[in-house]
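**Q** This is the structure I have questions about; it appears just below.
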Amino acid sequence: MRQPTNSRALSLRGLPELVVLELVYAIGCRAEDHVSVVTGGMRPWIDQLRAAGAGSVLDFDLHILDEVGDAHHVRFARYSVDRITLAYANPDAERHQDIWDLRLFGLPGKRTLDFTGIRQPWLREATKAWTAMTAGRVGESSLRHRVGSITVLSAVLATGSGGGTDPAVLARADVERFLARVHSPTFHPASTRSFGPKARIAAVEECALMIREARGLGLLPTLGATFAFRRGDSRRSQVDEGPGRALPAHVITQLDAHLDLLKDVPGCTGPARRATLGVLGEQAGAVAVLSYLLLKGTGRRVGEVASLHLDCLDVDEYGKDVLIYDNHKASRMNRRLPLTDSQLVAAIRAQQAWVRERFSDTGQDPAWLLPRPHKNSDGSQHLSGHQILTWMRTWVERIPTIDAGPHDAHGDPVPFNRSAIHPHALRHTYTQTLADQGIAPSVLRDLMDHRSMSTTLGYYRVGESRKRAAMDALARHTIDNRGVTRPVHGESSQVARLNEQLSWVAVPMGKCSEPSNVRAGGQACPIRYQCAGCAHFQSDPSYLPELRAHADQLRREREAMLSADAADWVIAGVTRQLEVITEHIRTHEHLLDSLPEDERAVIDDASATVRKARQAVPVAFGQRLPGDHG
């Protein structure tokens, strides 16, 4: 039976009723997914179903189409078989399989969850039952990480006596073996997932969670009573002197120099390019570049960037630009972030104009700044975070060279670890850059939209070796209130450095070495914290921002006193403090101006390092009394 001569018509005559119903269902799913339903792309396979006498589309052997390639009717056939298989599937039956289709558990995308790496049957079945009970509470990525962590536990148990097949004989010693393996510096699981310090902590916490909850649900009735995790197991001693996850400034500079390569990433080359770009068309390259610029310039998570609404720009009460975004992780919506980069704001406005023009004839207003390229004919779906990640990975791989900075023994530049370049690293970079600029931790916490200060402090760091080097560099430029530079005699020993750290307490503009105040942790200043009048007060160039701010405050106080016709001795006290602080500023500025360019760079870098380290340490400053200054 032939198809009608009208190319827009599709004949299902001669097919069993069940096959007809299955095909109509598949076509409806395809239309709902915004996938092409052109009749010419369906006819060849429907004719093959008719010729084969199939009683169901599931009876058709898709391998017959392998030699045809990726033709339209082949994609329709695979899509139809997949959707009909999913429609017939039973979630309860799926739970007994070792590889799950996560769509049956309400999760989007065509993703699977593989339990075959868990070697012990009792652990695999308990993990599957626990995962099924908790699948609705977490996303696909979290489920995958949890199963991956338990797979690591399974591999460690397999190396023990009996291969861990008998849960009754397992004890705390087996947990200790797992902890020692995970926290070992040489441990790298057989997966592509990065396994840094945080991933190690997460692996232990995920296994502890599974064992604890599975026990409570009665899924592990025979597991040894002492096979348990304890508080603190996930955070065994870890030495971390590294630079953290933030990308160095020179790496960001190299990335920015190759934005043209990023623009060419979306889509393929050749005749099929237009189809692979989807509804974005040639704007896809600009969308990829804007995604990177938003990640770098705002420090938002990749999902927060991907889901920016079209009207994501606003201004505050002073007319300054503000980005509106949704913090999905903490369920805090309509958050507001200051934007100081005018070029980024201009790029956002250009994208807004393009989106409105592109979807102007769809009958509804587009909702998203970054529309999804496929299955999105009306602009109602936003870009996925995974798509941005894929674009970035491809881009980074195409950049010819990314140098780490130092040179090897042969004088060649050491290549940078490209796996460290990913969307979340740009969030760390955003925080590290602001911290280097001396932004206070409380301000950083608000900018990152964290509730806990400890979370923010984990986004930037200063290694102790780097901190010591910075303090040594600044030590020779430390002055007191008489303008006298503190003498420095060569490189200090470790004991001398420790004594130095114990000989002073931090105050807002420098250091205080007054003995009684140091012994009291900064809470017993004999002159009521008027640092400008104390011979024990010292500062170095790293305190210039604080000194300038305090000088401005003293000027405002003096003007207020003059306006209020205050007594001369009160005004004189503030004036004298201002003179001392101004002299500190003048001395430091003169020093910096007189240094050669390379030495000036060393002091600037040391100042940024020490300021960043200071932010994590509370300033010891007692309760000021009314009328106190300094």
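The values are calculated or read from the model by the stated rules, or taken from the named source; none is laboratory data. This structure is a prediction, so every number in the text was calculated from the model and none was measured. When we count neighbours, we look across all protein chains shown, and the Cβ atoms used for this are built from the backbone with ideal geometry, even at glycine. The area values use the complete protein model at the heavy-atom level, side chains included, leaving out ligands, DNA and RNA. Shrake-Rupley method; radii C 1.70, N 1.55, O 1.52, S 1.80 Å.
**Q** Check Leu21, Leu49, Leu12, Leu58 and return the single one that is farther than 26 Å from Thr276 by Cα, surrounded by 12 or more Cβ atoms within 10 Å (Cβ to Cβ) and not assigned by the TED database to the domain that holds Val81. Working first, answer last.
**A** On the way: Leu21 fails: not assigned by the TED database to the domain that holds Val81; Leu49 fails: not assigned by the TED database to the domain that holds Val81; Leu58 fails: not assigned by the TED database to the domain that holds Val81.
That would be Leu12, the only listed residue that is farther than 26 Å from Thr276 by Cα, surrounded by 12 or more Cβ atoms within 10 Å (Cβ to Cβ) and not assigned by the TED database to the domain that holds Val81.
**Q** Still on this structure, I have one more. May I ask you to list the residues in the stretch 417-447 that are farther than 15 Å from Lys296 by Cβ and either assigned by the TED database to the domain that holds Leu295 or among the basic types (Lys, Arg) (or both)?
**A** Residues satisfying the conditions are Asn417, Arg418, Ser419, Arg445.
**Q** Continuing with this model, one more query. May I ask you to verify whether Val35 is surrounded by fewer than 16 Cβ atoms within 10 Å (Cβ to Cβ), modelled with pLDDT under 85 and more than 40 Å from the chain's Cα centre (by Cα)?
**A** Values: surrounded by fewer than 16 Cβ atoms within 10 Å (Cβ to Cβ): yes; modelled with pLDDT under 85: yes; more than 40 Å from the chain's Cα centre (by Cα): no.
No: the conditions fail for Val35.
**Q** Have a look at Arg586, Arg576 and point out the one that is open to solvent by 40 Å² or more (accessible area, probe 1.4 Å), at pLDDT 90 or above and within 44 Å of the chain's Cα centre (by Cα).
**A** Values: Arg576 fails: within 44 Å of the chain's Cα centre (by Cα).
The unique qualifying residue is Arg586.
**Q** Across the stretch 239-263, which residue is modelled with the highest pLDDT among those that are part of a loop (DSSP other than H, G, I, E, B) and surrounded by 12 or more Cβ atoms within 10 Å (Cβ to Cβ)?
**A** Once the filter is applied, the top-ranked residue is His258.
**Q** Looking at the stretch 506-524, which of the residues that are among the hydrophobic types (A, V, I, L, M, F, W, C) and within 23 Å of Ser542 (Cα to Cα) is surrounded by the fewest Cβ atoms within 10 Å (Cβ to Cβ)?
**A** The first filter runs over the stretch 506-524 and keeps only residues among the hydrophobic types (A, V, I, L, M, F, W, C), leaving 506-507, 509, 512, 518, 520, 524.
From what is left, the residues that are within 23 Å of Ser542 (Cα to Cα) are 506-507, 509, 512, 518.
Working: Ala506: 16, Val507: 24, Met509: 24, Cys512: 21, Val518: 18.
Result: Ala506.
**Q** A further question follows. Listed residues Leu389, Leu370; which is open to solvent by less than 20 Å² (accessible area, probe 1.4 Å) and closer than 27 Å to Asp260 by Cβ? Explain how you work it out, then say what you get.
**A** Details: Leu389 fails: open to solvent by less than 20 Å² (accessible area, probe 1.4 Å).
Among Leu389, Leu370, only Leu370 is open to solvent by less than 20 Å² (accessible area, probe 1.4 Å) and closer than 27 Å to Asp260 by Cβ.
**Q** Among the numbered criteria (1) in a helix (DSSP H, G or I); (2) modelled with pLDDT under 90; (3) open to solvent by less than 40 Å² (accessible area, probe 1.4 Å), which single criterion is violated by Met133?
**A** Going through (1) in a helix (DSSP H, G or I); (2) modelled with pLDDT under 90; (3) open to solvent by less than 40 Å² (accessible area, probe 1.4 Å) one by one, Met133 breaks only (3).
**Q** If you don't mind, there's one more thing I want to ask. Please enumerate the residues belonging to the stretch 41-79 that are farther than 15 Å from Leu15 by Cβ and of a type in the set (Val, Ile, Thr).
**A** Ile64, Val68, Val74
**Q** Is the stretch 174-194 home to any residue that is touching a Gly at 6+ places or on another chain (Cβ under 9 Å) and at pLDDT 90 or above?
**A** Looking only at the stretch 174-194, we keep the residues that are touching a Gly at 6+ places or on another chain (Cβ under 9 Å), and these are 174, 177, 189-191, 193.
Within this subset, residues satisfying the condition of being at pLDDT 90 or above are 174, 177.
For the stretch 174-194, residues touching a Gly at 6+ places or on another chain (Cβ under 9 Å) and at pLDDT 90 or above: present.
**Q** For the stretch 286-319, name all the residues that are among the hydroxyl-bearing types (Ser, Thr, Tyr) and surrounded by fewer than 20 Cβ atoms within 10 Å (Cβ to Cβ). Steps first, please.
**A** Filtering the stretch 286-319 down to residues among the hydroxyl-bearing types (Ser, Thr, Tyr) leaves 291-292, 298, 307, 318.
Answer for the stretch 286-319, where residues must be among the hydroxyl-bearing types (Ser, Thr, Tyr) and surrounded by fewer than 20 Cβ atoms within 10 Å (Cβ to Cβ): just Tyr318.
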